[in-house]
Amino acid sequence: MSEMIELIYFAIFYILCCFIAIYRLIKGPTAPDRAVAGDGVDVMTDMALVLVAMYSGRGIYLDIAIVTAILGFLSQVLIGKYLEGTL
Amino acid sequence: MNLVLRIIIDVFIVGGCFFAFAGAVGLVRMPDTFSRMQSSTNITTLGVLLTLIGAFLYFLIVKESWGSAAKVVVIGVLTILANPVGGHAIARAAYRIGIRPEREFVVDALADPEACVEPSAEVVNEPSAEVVNEPSAAEGAEEVEKEDDEA
């Protein structure tokens, strides 16, 4: 455990921002709204994982964050191509 | 642990948190789809980059862990390279399935069905590019004339 206790509060703040984006993910009227909100949730979860890795001193969370970044990119491009009809 | 270094890292991460919060609020409050798309890039550019700069400094200077710093750089490069591509795909798909902004377009280059089609080897792009550019330039000239008439 690090002595920087504020890092875990920043991670909790990112998760609360995720809930703000999840509101748009549930309510959003069109499919691109949901895709964009889902990408926002994905990126903010990445940042929360990096902050938890800094707080706990375990590098495994960084690997998970890398995988989540790649999957978020792939899902966004695939949803875009699917909606456009050129998949 | 150095207090000045801790304050510097915290300032970077607080800046990232501010931009992420601004992007999340814009994602809820913005009136139409393309505005929400523009607001979500707030999260993925400045929010991510400021937080990752803080994390990079922390891992490099405080922990002296080069591997973790390299992983943070990889996350940053992935985000910078991936999000414009994904945002472009989503925005073009939103146009193609019929979503329009609330205000009228000034230039509508995607209205041409030949625009943004992946080019084959035989098609030369320059004539289609001229076809795309000419109406928009004409429309701009008309608008300038209208504004002159109104003035």
Cβ-based charge dipole, chain A, positive-most Cα from A:THR45, A:LEU78, A:PHE13: A:LEU78
Cβ-based net charge around A:VAL41, under 15 Å, with every Lys or Arg adding one and every Asp or Glu removing one: 0
Stokes-Einstein translational diffusion, chain A - Kirkwood Rh over all Cα pairs, 1.306 mPa s, 10 °C, in µm²/s: 114
Helix runs (DSSP H) in chain A reaching 27 Å along axis by Cα, Kyte-Doolittle at least 1.0: A:6-27, A:60-84
Average silhouette area of segment A:34-82, convex hull of alpha-carbon atoms, in square nanometres: 3.0
Sites matching trypsin sites (Lys or Arg not before Pro) across segment A:1-72 that sit in DSSP coil, with at most 14 neighbouring C-beta atoms within 10 Å: A:ARG58
Charge context of A:SER75, other residues only, Cβ under 10 angstrom, K/R +1, D/E -1: -2
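Here, each number is a calculation from the coordinates, and none is a lab measurement. Treat the numbers as computed from the prediction; the structure is a model and nothing was measured. Positions of Cβ are generated from backbone atoms using ideal geometry, with glycine treated the same way; all protein chains shown enter the neighbour counts.
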